[in-house]
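A short write-up of the structure that comes next.
All of the numbers you see were taken from the coordinates with simple rules; none came from a lab. What you see is a predicted model; the values in this text were computed from it and never measured. Positions of Cβ are generated from backbone atoms using ideal geometry, with glycine treated the same way; all protein chains shown enter the neighbour counts.
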Amino acid sequence: MRPEQNFPWPAGVGIGWRPALSDLLVELAGQHRLGFSEVIAESIPTKNSFEGSTEHPLPPGVRALRTAGVPVIPHGVSLGLAGAQRPDPARLATLAGAALALQAPLVSEHVAFVRAGGPGLHSDVLEAGHLVPGPRTRESLEVLVENVREAMDALPVPLALENPASTLPWPEDEIDEPDFLTELVERTGCWLLLDLANIEVSCRTNRQVGGGLPDDAQTWLRRMPLHRVAYAHVAGGVEHDGVYLDSHAHDLTQPVLDLVTSLHDLAPTVGVLIERDDNLSVANSRAEWELVDAALHTAHPTGEQR
Amino acid sequence: MKTLNRQGLAARQHQVLSDLLTGTHPAGFDARAVAATAGVLHRKRWRRVRTALPRLTRLPEAAATFQVFARQHSASGCGHSDARAFLTWWATDSAPARAELRRLAVVDGDRALAWLPHDRCLVIGLGRRYWEIPFAHVEEAN
């Protein structure tokens, strides 16, 4: 069942919805400065969409954004599509239900695994509590492609998948990240949620472990399947024990803002959403909106319009 | 249709994730990358636990002790379950942890009273309701 009416595709500058930022987002929406928003799909209380439910108890702030005409994208964190298991039908139904409740133009998830079952039939399933990048091998790509196709079949709207923050290169990696993601979107028809902060993390990690691959984030950006980017993420990060991590709790860095400008040059219609999970404040979020907006206005678009 | 080796991938991911969670270095991985990723996993797990049970942060050495616990025990269910499992494990050595378990028993309706020495607080339960009564000064009887 598809939604009766969907909001438009994400564009402009967006901010991830958090309760502490709800009033700010409504204010920015009223000023026509909020292009779109995003909410954790698992936090949206919905009934199974296939049971034909109608009204869903959305948080008042999210409902206000919808009323103001702001697209809100449900962003799942629990599917674990890069895991070995097939996607869980109940989790897919949750994501589908969130899409219908929000009349969202698309949903998003991650190229990551979040749990791992043991080798035996009765082995414990370990929950990672984190989006762990998996190995990039021919075999893992086949499993991922099958999982993504199954997920897409179960969802009422298009699916965009976020590139991981690859802090953990696997010794068996056969395919680099841009090629892996390019083949994924081409074989499945899914979209890409391009996380620019994660590109910075992956590049820095690759440089530190001596991966022998282009370690410049700007080069990686240009190798991504930009024609299939649904929207982008930015987030702050911090160096911890010599490794750069996308903390979602610190200020945006200049290299990430430079990636925003470059992306806008290459794909001018792609919306950019600011993610922050910790050290939340209205002042911080206002400042981040200004920085990203400035980065977009610095751009000189040469890419094709979608 | 090509048969996918999901079982092999599952075993590999389980082994590596288990190593990361228990502080074991998985063979062939870069040391700094392992430390960074394992650190993220542990910090996120501690954050979930202290979000579920904010009172944990009032117990001395709770964060450091939780890291020891986490390396020996995989996460059990949600943050609340993990927090309780941690307190139960810690209670063998820690009087404040035992007191917090008594408090949770009152909250759950399994116990009528609990005294929290580290907080100087008396918790009283009645049915589904409970009250926390702080004491500014406590004098021990001789």
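Key figures
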quantity	calculated
Two-site label geometry, A:Arg222 and B:His25: point separation in nm, points 7 Å out along Cα→Cβ	3.8 nm
Contour minus Cα-Cα distance for A:Asp153 and A:Gln103 (0.36 nm per residue)	16.2 nm
Computed label-point distance, nm, for sites B:Asp93 and B:His118 using a 7 Å Cα→Cβ extension	1.3 nm
Gained length - A:Ala11 relative to A:Glu186, 0.36 nm times residue gap less alpha-carbon distance	60.7 nm
Acute angle (nearest 10 degrees) that the helix B:95-107 long axis makes with the longest principal axis of chain B, alpha-carbon atoms	80 degrees
Calculated from backbone phi, Karplus (6.51, -1.76, 1.60) coupling profile of the range B:32-44 in Hz, x at Gly/Pro	5, 5, 5, 4, 5, 5, 4, x, 4, 4, 5, 5, 5
Within the range B:65-142, GluC sites (Glu not before Pro) in DSSP loop having at most 11 other beta-carbon neighbours inside 10 Å	B:Glu139, B:Glu140
The range A:113-233 - convex hull of alpha carbons, volume per residue in Å³	123 Å³
Reduced Cα scattering model of the protein assembly as shown, Debye log10 I(q)/I(0), q = 0.06 Å⁻¹	-0.29
Cβ-derived FRET efficiency at R0 56 Å, B:Arg129 paired with A:Thr298, nearest 0.05	0.45
Shape call, the range A:107-184: gyration tensor on alpha carbons, a/c limit 1.5	oblate
The range B:1-112 - Rg and Dmax from Cα coordinates, angstrom	17.4, 62
Chain B: angle of helix B:62-72 to the longest principal axis, Cα-based, in degrees nearest 10	40 degrees
In degrees, nearest ten, helix B:6-22 long axis to first principal axis of chain B (Cα)	50 degrees
